[in-house]
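A.B. asks: Have a look at the structure that comes next, please.
The values are calculated or read from the model by the stated rules, or taken from the named source; none is laboratory data. Note that the coordinates shown come from a computational prediction; the quantities given were computed from them, not determined experimentally. Here the Cβ positions follow ideal geometry from the backbone for every residue, glycine too, while neighbour counts run over all protein chains shown.
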Amino acid sequence: MRNNINEDLKVFNEIAKMFLKDEITHPVSGQTEMKKLQKEIDISLNYNPLDNKKYIQILKEIVLKTPKTSSRLFFNQLFGGRHSKAVLGELLAVLLNNSMATYKIAGPQVAIEKEIINKVANLVGYNEKSSGGTFPTGGSMSNFMSLVMARDKCSLEIKNKGCPKNLILYTSENGHYSVEKNTSLVGVGKNNIRNIKSNKNGEMDVQDLLQNIENDINLGHSPFYVNATAGTTVLGSFDPINEISNVCKKYNLWLHVDGAYCGSVIFSKKYQKLIKGIKKSDSFSFNAHKTLGTPLSCSILVVKEKKNLYNSFNNEATYLYQTNEDEENLGKTSFECGRRNNALKFWALWKSIGQKGISEMIEKEFLLAEISRKYILNNRDYKIYGPRKSLSVCFNYKNFDAKELCKQLYKKNKLMIGYGSFKNTNFIRLVTVNNNNSKKDILEMFNILEKFTEKNKKMLKTV
Ligand SMILES: *Cc1c(COP(=O)(O)O)cnc(C)c1O
């Protein structure tokens with residue numbers, strides 16, 4: 001029988017075992033160019049059914065050829081590692097296959113999502129009764145939703161009539177690219193973004209923010225929104241939220257804190273101070289899939305006043321007429337209609353290890369960053385960039401061209417690591433977001449890089 005869940009769960013277990021074993025011995029998958037790969041693995045879809053043995057064999061080949069994004073040598077994106085409890089929750093969510101739109105079809109899953117939102121809002125310092133939140137598809141969507149709410153707060157008529165021409169928003173020159181994309185989507189227009197300068201550590205320059213706002217007001221424009229970042233994508237810098245919030249208060253601007261990358265510091269007593277003033281924001285988001293070993297995607301958006309969520313995303317009635325049931329029908333505050341259950345995996349993790357365990361995860365990642373920084377600072381062949389407290393450890397080795405070096409490390413299946421740039425300098429960006437990594441893994445990473453450059457000196461470009 002082809003459609004047999006019990007049989008296929010056995011297949012899943014078999015493939016999972018094989019994959020997890022391979023991940024230890026081959027932390028970097030052998031990559032092949034797409035054209036070649038299509039010849040090596042039978043990816044083609046055909047009219048006739050396939051023999052099951054052959055089918056399973058192909059599945060295995062695909063799994064082994066896929067880039068290993070949770071291994072100890074994956075530093076290429078802002079996510080990495082996996083916590084088994086979060087994976088367990090995710091597997092259950094797949095099996096249950098609820099949609100989060102209504103209580104009727106999601107039951108306890110609604111309570112689970114609400115519990116996370118309440119607890120996170122509480123950590124931020126929002127009022128429990130009036131705050132709310134949702135699980136958008138990711139950090140980009142969290143930014144989008146915050147922008148829609150801020151726009152509609154200017155005037156509810158915008159929903160009907162479209163945007164007035166002069167709404168202006170502010171983000172750091174190091175802000176995430178989704179801010180730009182979203183600005184065109186909400187009808188404000190990219191020309192109305194002011195990219196605020198940053199200091200040498202990549203943190204937003206509040207003086208420059210103030211000047212831009214004053215200037216726009218003098219020109220008759222209407223400033224309405226600031227997007228500050230807790231962990232910028234390249235340098236992992238934290239904008240000075242407390243000072244920015246004072247500016248926002250003065251000019252009555254919506255403050256969204258984009259913590260997609262490092263907002264999870266909210267769980268740590270030790271690192272909470274990096275987002276001091278967060279309580280004064282209007283909305284805040286973070287990605288549990290980035291630093292907390294939770295499968296993609298798991299983004300949490302909390303809002304100081306949940307009425308803003310209703311105003312923008314409930315298409316039926318104004319929030320004033322909501323009943324108790326509305327509170328339990330999460331579709332009233334989400335962008336999507338059918339919505340994947342992204343809450344259970346994070347709940348399964350939190351329930352098991354507690355807030356204490358989550359706090360230890362993020363603190364360990366900062367420790368790994370510190371270990372990396374120390375290694376670099378103690379070695380004259382390296383040059384370091386960026387702020388002192390950050391999960392992004394940016395560096396150059398000898399005078400090798402960062403772009404070329406990262407590319408060759410990938411092509412030769414040695415290491416998955418990327419590069420970034422700041423103020424016209426390119427560098428390698430090591431991100432210590434894999435909570436399963438140890439000091440040994442970090443040192444192995446440096447060792448691989450050093451050996452590789454030594455061996456390939458002639459081929460590598462220098463700057
Ligand atoms: C990663 C990132 C995002 C986007 O998050 P996705 O979940 O990938 O959409 C937004 N902002 C910052 C600062 C990020 O680092």
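A.B. asks: Keeping to the range 334-365, report how many residues are crowded, with 20+ Cβ neighbours inside 10 Å and touching a Phe, Trp or Tyr at 6+ places or on another chain (Cβ under 7 Å).
C.D. replies: Selection size over the range 334-365: 6.
A.B. asks: A further question on this structure: Please count how many residues of the range 404-417 are more than 20 Å from S372 (Cα to Cα) and either buried (at least 17 other Cβ atoms within 10 Å of the Cβ) or among the hydrophobic types (A, V, I, L, M, F, W, C) (or both).
C.D. replies: The number of residues fulfilling the criteria is 2.
A.B. asks: Can you name the residue in the range 294-332 that is among the aliphatic types (A, V, I, L, M) and at pLDDT 95 or above and is also farthest from the ligand (Cβ to nearest atom) among such residues?
C.D. replies: This residue is L309.
A.B. asks: Can you report the number of residues in the range 356-375 which are free of Cβ contacts under 8 Å to residues at least 60 places away in the same chain and either touching a Cys at 6+ places or on another chain (Cβ under 9 Å) or of a type outside the set (D, E) (or both)?
C.D. replies: Summing the residues that are free of Cβ contacts under 8 Å to residues at least 60 places away in the same chain and either touching a Cys at 6+ places or on another chain (Cβ under 9 Å) or of a type outside the set (D, E) (or both) in the range 356-375 gives 5.
A.B. asks: Take the range 241-255 and flag every residue that is surrounded by 18 or more Cβ atoms within 10 Å (Cβ to Cβ) and either within 16 Å of the ligand (Cβ to nearest atom) or in a loop (DSSP other than H, G, I, E, B) (or both).
C.D. replies: Once the filter is applied, which keeps residues that are surrounded by 18 or more Cβ atoms within 10 Å (Cβ to Cβ) and either within 16 Å of the ligand (Cβ to nearest atom) or in a loop (DSSP other than H, G, I, E, B) (or both), the range 241-255 yields I241, I244, L253, L255.
A.B. asks: Take the residues in the range 156-173 that are aliphatic (A, V, I, L, M) and under 18 Å from N195 (Cα atoms); name whichever of them is farthest from the chain's Cα centre (by Cα).
C.D. replies: Within the range 156-173, the match that is farthest from the chain's Cα centre (by Cα) is L167.
A.B. asks: In the range 214-243, which residue that is touching a helix residue (DSSP H, G or I) at 6+ places or on another chain (Cβ under 6 Å) and among the hydrophobic types (A, V, I, L, M, F, W, C) is nearest to V393 (Cα to Cα)?
C.D. replies: Top of the filtered list is F238.
A.B. asks: From the list N212, N195, exactly one residue is out of contact with any Pro (no Cβ under 6 Å at 6 or more places or on another chain) and either in a strand (DSSP E or B) or closer than 21 Å to K159 by Cβ (or both). Which is it?
C.D. replies: Criteria check complete, one pass: N195.
A.B. asks: Separate question: Of everything in the range 151-178, what is closer than 30 Å to K200 by Cα and more than 16 Å from the ligand (Cβ to nearest atom)? Give them in sequence order.
C.D. replies: L167, I168 - these are the residues of the range 151-178 that are closer than 30 Å to K200 by Cα and more than 16 Å from the ligand (Cβ to nearest atom).
A.B. asks: Quick check on my filter: what residues within the range 418-438 are surrounded by fewer than 18 Cβ atoms within 10 Å (Cβ to Cβ) and under 20 Å from I24 (Cα atoms)?
C.D. replies: Of everything in the range 418-438, those that are surrounded by fewer than 18 Cβ atoms within 10 Å (Cβ to Cβ) and under 20 Å from I24 (Cα atoms) turn out to be N436, S438.
A.B. asks: Of all the strands (runs of 3 or more DSSP E) wholly in the range 298-410, which have at least 2 residues that are farther than 25 Å from V257 by Cβ?
C.D. replies: 382-385, 392-397
A.B. asks: Oh, and also: So which residues in the range 121-149 are within 16 Å of the ligand (Cβ to nearest atom), over 15 Å from D326 (Cβ atoms) and either part of a helix (DSSP H, G or I) or hydroxyl-bearing (S, T, Y) (or both)?
C.D. replies: Listed by number, the residues that qualify are T137, G139, S140, M141, S142, N143, F144, M145, S146, L147, V148.
A.B. asks: Select from the range 52-79 the residues that are hydroxyl-bearing (S, T, Y) and more than 15 Å from N435 (Cα to Cα) and list them in ascending order.
C.D. replies: Y55, T66
A.B. asks: Could I ask something else about it? Tally time: how many residues in the range 438-463 are out of contact with any Phe, Trp or Tyr (no Cβ under 9 Å at 6 or more places or on another chain) and at pLDDT 95 or above?
C.D. replies: The number of residues fulfilling the criteria is 12.
A.B. asks: Of all the helices (runs of 4 or more DSSP H) wholly in the range 30-115, which have at least 1 residues that are free of Cβ contacts under 8 Å to residues at least 24 places away in the same chain, among the aliphatic types (A, V, I, L, M) and closer than 30 Å to E328 by Cβ?
C.D. replies: Here the list reads 84-96, 103-106.
A.B. asks: Then there is this: Among the residues of the range 366-392 satisfying the criterion of being closer than 21 Å to F286 by Cβ and of a type in the set (S, T, N, Q), which is surrounded by the most Cβ atoms within 10 Å (Cβ to Cβ)?
C.D. replies: In this case the residue turns out to be S392.
A.B. asks: Please enumerate the residues belonging to the range 197-228 that are within 15 Å of the ligand (Cβ to nearest atom) and touching a Ser or Thr at 6+ places or on another chain (Cβ under 6 Å).
C.D. replies: S198, G202, E203, M204, N227
A.B. asks: Moving to a separate point now. Which of the residues spanning the range 439-463 are buried (at least 16 other Cβ atoms within 10 Å of the Cβ), touching a residue at least 60 places away in the same chain (Cβ under 8 Å) and farther than 30 Å from A288 by Cβ?
C.D. replies: The answer is L460, and nothing else.
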